[in-house]
Structures are given as C-alpha cells and as structure tokens.
1. Packing-wise, with mean Cβ within 10 Å as the measure, how do 525-533, 574-582 rank, highest first?
2. Taking the Cα-to-Cβ direction at LEU287 and at HIS475 and moving 7 Å from each Cα, how far apart do the two end points lie in nm?
3. Mind listing the long-range amide H neighbours of GLN346? Cut-off is under 5 Å, sequence gap 5 or more, other chains count too, H placed in the peptide plane at 1.01 Å from N.
4. Around LEU124, what is the net charge, scoring Lys/Arg as +1 and Asp/Glu as -1 over all other residues with Cβ under 10 Å from its Cβ?
5. Less than 13 Å Cβ to Cβ from LEU262, Lys/Arg counted +1 and Asp/Glu -1: what total charge do the surrounding residues give?
6. Once phi is turned into ³J(HN,Hα) by the Karplus curve 6.51 cos²θ - 1.76 cosθ + 1.60 with θ = phi - 60°, what whole-Hz value does each residue of the stretch 287-296 show in order, with x for glycine and proline?
7. Could you tell me which residue out of GLN540, PRO619, PRO581 lies farthest along the dipole of the stretch 526-628 toward its positive end? Charges go on the beta carbon: Lys and Arg +1, Asp and Glu -1, centred on the Cα centre.
8. Let me check I've understood the local charge: for ASP178, count other residues with C-beta under 14 angstrom from its C-beta, Lys and Arg +1, Asp and Glu -1. What total comes out?
Amino acid sequence: MVFLKNAIRELRERCAERIAVNAYQNLKLSRLTVVRRSQYRLLGLVGRGQYGRVFLGVHRATGSLFALKELDQDRFPTNQFLRELRFLLTLQHPNIVICWACDYWMNHRYLVTDYCAGGTLRQLMESRASLNLGQVNYSPHHLLTALSLIEGILSGLTHAHDQNIIHCDIKPENILLDVRSQNMVPRIADFGIARLAQDLTQSSKPSGTGMSGSPAYMAPERFYGQHSVSADLYATGVLMYELIMGDRPFSGTPGALMQAHLKNIVWLPESLPESLKVILLRSLAKLPGQRYRNATEMRKAVIDAAEEIRKSTTLQGVISTTIPKTLPILRLKSSTTQSIPRPLKQLLIQQRSKGDSHPIDTILYQVESTKVHFGRVNSLAIDGGDPLKSHQFSDEIHQAWGSSRGCYVATASHLYYCDEEWLRPCLIEAINSDFMSIDPMGRWFVELSSIPKSQTESQTEFQLQLFFPEQRQPHWTRSLTLPVGQKIRKIQAIDSRHFVVISQVDSQDSFLDAPPSLCFQVWNRRGAALGQMSLQILVQRFWPTSRPRHLIVTEQHGSQSLLFISLQPLQVRRVELPFEPKVIAVMAKGYLVIDQLGRGILLTNDGEAIAQVALPENPTAAAVIDDRILLISTWSNGLGNLMEFNIEPLKDLL
C-alpha cells in the first residue's frame, strides 16, 4: 500500500512538472505571434507582491474573475516560475489559492489564480474594522475568530505537506481571504520559495546572505538552511500569536530576530486561556522535535481549544462583539428641536449652487408615509429657512431619492418628480418601484420588471428599461434572463454612467445546484452589459452610500455587521458592530451608524471605527448638511422630534 501511494504521488509530480514545462514553452511560442489578444481583461491593480504586481482580471468569454499575478523576469527567474507553477498545479484545496492558467501578453508573464475579494490577512489585522485582530483582545469572539483562521491555514498546510510540499514563507501577507456568509476563509498563496520534502538535505546560506523567507516568522533551524514541515508549523504559531496578542513574539533587525528565535523565551500573559498557551508554547518550541508532529495534530489542538472556549462562553452568556474601549465617546447636544406630527421614513438633503456670488441653497425633504414636506432651510438651523410646503400622495411612498435637481418620489406604481417649485406631472405609470434606481445627478433612472408568462423550467426573463426625466417612453429596453431560483434583490446606480443588477441565490433553493451567493451584473447607461461577479454571501438589507461603485449591506443572520463592497475592483471588508444598525447618516468622508438605543459609531469610508457617539433613542431617519449639521428624526409612543446637532467635531476626526 505504501509503495502504491508513493507511486501515485511520483506520477502526480511528474505530470505537474510536465504541464508546467509545456505551459512555459507555450508562453515562449506566444512571443512569436504578431498579434495576440489576452483571454483576460485587466480591471485594476489590487496589490503588489514580492515579485510583481497583482491585477484583478475578468475572463472575456465567461465573465469570471481571476487574480493575475505579474511575474517580473528579473526578480522571478524562469526556474522559480516553473517551481511555483508546478506546486500550484499539484495543490487543489479550499484553503489554498488555486492556479488555473498562465498567460503571456505584451511581454509580461502572469499566473492566473483564484481571486480573493477579502484581501490579505495583513490588511485585515491592520484595519480597526477587523474585530480588533492584531490588537490585544481576549474576548471569546476575538479568540474564536483567530482560531478559525488558524484552523483553515493548518487545513491547507495539511494538504500541501501530504504532497511533500513545504511552503517556507507562511505570513499574513501570504494568506488571502475569501468572503463567505458570516466568515472569512483563509487561503494560502505564494509558493514561490516552497520546497519539496526531498530537498530537505540541501544546503542553504544563512540569513543575511541570501536566505529566502521572512525572518519574523522563521523557525530557528531555518536560519541554518534547514527546511521542514515543522518550520511551517512554527511560522503558523507566530501568526497565531500575532492574531491573539496584537504583535509578533519577537521584533527587530534580521540579526536581532535570528538571536531571538534561537534563544529568547516566548512571553504569554496569565489571563490567556490555558489551552491557547499550550498550543503557542508547543508550536513555538526551539527544537523541531518538541513541536507538533504535523499540521493535522496542531489543527486538532486548535479545534479542541475553540470548542472549549465556546462551551465556557455558553455558560457565561452569549458571545458578543464589542467596539474597542480605546475609542473616544462623544456626546452631542441638540441645538434645535422641532416636534413632528408623524414619523419620518427619510430625510433628504439637496444643495444647489446659485452662482459664484450667491450662497448655496439647502433644501430639506421630509418623507412621511404618504406625504412629503419640503422647503429651504438655513444651513445652521432647521427653523431658520422658509416655511415648509407639502404634498399628499394617494398611495404609500415606497422610496424617495434626492438629486442635484430635485427629489424623485416612487409609490407602488407611479414615479413623481418634485423640486422647490413643487410638483411636475407624474413621470412614469405602472412602474416597479421595488426594482428601480436613479443616478446620483438625477439625469436618468432605470427600472427592472418581470415579463409575464416568460418563466420556463430553467429561467426567468426580465425587462430592463432606462428613462430620461423629460421622456415618458424608455430610452432603451433590454432583456435580462436569470436561472429560476436566482432572485432579483436590487437595482442600484453606482455612478453617473453605470448601474448594477443584484440577484441572489439562496442555498435553500432547490432549483439551483449552487452555493448561496450574491451576483452583480454591471451595465452602462447605453444598455451594454459589462460583466458580472459574485460573492458567497446572503444580504438582508442595502444601505445608502455616497461613494461611486461602492455598496454597504447587512448580511442575513448577521445583522450586527456591515459589509463594505467595492465593485472596482471587487473588494470586501466586514465591519463588526456591537449592535444592529437602525439608521445610517452619510457624510463626505464616512458614516454615522446609529442603533435603536441611540448608540452611534463613526466609521471612515473604508469602515474603520473612529469614535462612539451618544445620540437620541428611537431614530427613524438621519441626514447630514454640509458635513456640519446632523438632522435626526425620532418617534416613540406617538410623539416625534426633528433634532439638529453640530457634528464639526466628528468631521475633524475623519
């Protein structure tokens, strides 16, 4: 049996080596082609690695997203290129970045691999929006998150080690993150300096004279040119220490790091759970024989420690996420308060310039269930402007949009436009107000509706139409076909030229054999579909955002977190909150997230927590004027108020 396993492994390695050589020969032959179009269209730069840049690309035929790792020929020679390609072709595992192809175009070599929208583990650790990973924090939620990441990394290492491949450079920069519903899946990348098990006896130069790797994560024997499975486990132990403690066990110059890894004792606080102390001390032992025998054994210890923490936490209470105690708490006082007769669904602000010699007019729209109040306001006080006018609608208002030219109001079946002169005739009748959106400047709007009797056993057809406000007939009409079971969630203008159709596949759907996912199909205003992308998440709610080509959503079964999604390039950041958001006020450089109890958190545009803010309870809507004035409407027990706060102290923090 052992002989058969070794024979199969040798055959697999030879096949991978042959494939790698053939791939490189194809790259060489492609240089002789006078005109060659790449199969991939580059969408943007997403990072820089040790050997070149990394781009997000889309396959021209399938629309699938990939990472294209550019390999500089001077810093990444051919033999190293073939080595990494050979390893990547051999490794197929959910916790390892998979290589799908190699490409040569315009004198550049690319490895085509899985694209991970969550970025690197280093980026997550450095972000204040990341559950405080990379900061000292012994809360159960933090520890379980760190252990989940380590367990995934060890699962990938188990597979690599079973193939006799040693990574030799485990560090946060080489761990990419896939965004999934409720969690992040770590995936090991960059096998550029990996070694085969049969290379263990080869000599290598000591650190400082050409040793490859990262000294902060290198096992003591690595400084003497010795490579082993145990060295990868040591590096994983350093990574685990950094996730929990907020810093690496040793720091300094390469020479100082070498001495520390060889001689210094790892410090651990008394308050750290005993099971974690055991894992850290054993994985960071100086001698390889004192560490875990393999990644499987260490992974089991991590799983057992996580289960122990879950059980102890269950006895004490529910696991909860907390905002760092170091965040300042700001208490804002209301400068003006007005009573309101009915609860407000939305507050919209429109600012219109009247010329260089005239101040900017600020118009406030107060949206009730069936009525809209509007009028000019003083930018310093809500009671300092013109008396409010109002208009009553016969149907309930589903949504209203502000624009540079006025306000759009959608009922169940009609779309209206109004400005300070008030009402224009109804723009469109028989619309689907649930699936429509208006561009930020108010120059066009788009609507999606299903076509009656167009559903078959395998697909559903929709009608997509774009309108200009001056025209009652659609400027263009397109058909959109989706598989049955893929449901439309939202249509959203993402800038003045593009919009995105967002659909969702639920895992409980029996029509599609696919994991739960959120699908984005990007269109331009001329009616051309530009491509599509997807994330393995399910969304409960979409929130307003002022940043072009960005979305903010709340996940299903994860209402105490926000996902910040960039569509160009596709990148995702999960922001954990200590509460469920009720209202979000959009600022120029950030967001003020408020819950039912009036607890607020100031976030940057990238989702980093800056400060906590105390505000009134029971908010129903919020808006910001010129990044100086915050308006909040409240409603409780039949009484409501519209309150004004000076938020210039918050503006200075962003």
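The values are calculated or read from the model by the stated rules, or taken from the named source; none is laboratory data. Values in this document were obtained by computation on a predicted structure and should not be read as measured data. Cβ atoms come from the backbone with ideal geometry, glycine included; neighbour counts cover every protein chain shown. When the accessible area is computed, the model is the full protein with side chains, heavy atoms only, and any ligands, DNA or RNA have been set aside. Shrake-Rupley method; radii C 1.70, N 1.55, O 1.52, S 1.80 Å.
1. On the way: 525-533: 15.1, 574-582: 19.0.
So the order, starting with the most tightly packed, is 574-582, 525-533.
2. 7.6
3. The answer is VAL367.
4. Working: positive: ARG122, ARG573, ARG574; negative: GLU126.
Computed value for this residue: +2.
5. On the way: positive: ARG222, LYS263, LYS286; negative: GLU221.
Around LEU262, the charge tally is +2.
6. With coefficients 6.51, -1.76 and 1.60, one gets 9, x, x, 8, 8, 4, 5, 7, 5, 4 Hz.
7. GLN540
8. That sum, taken over residues with Cβ under 14 Å, equals +3.
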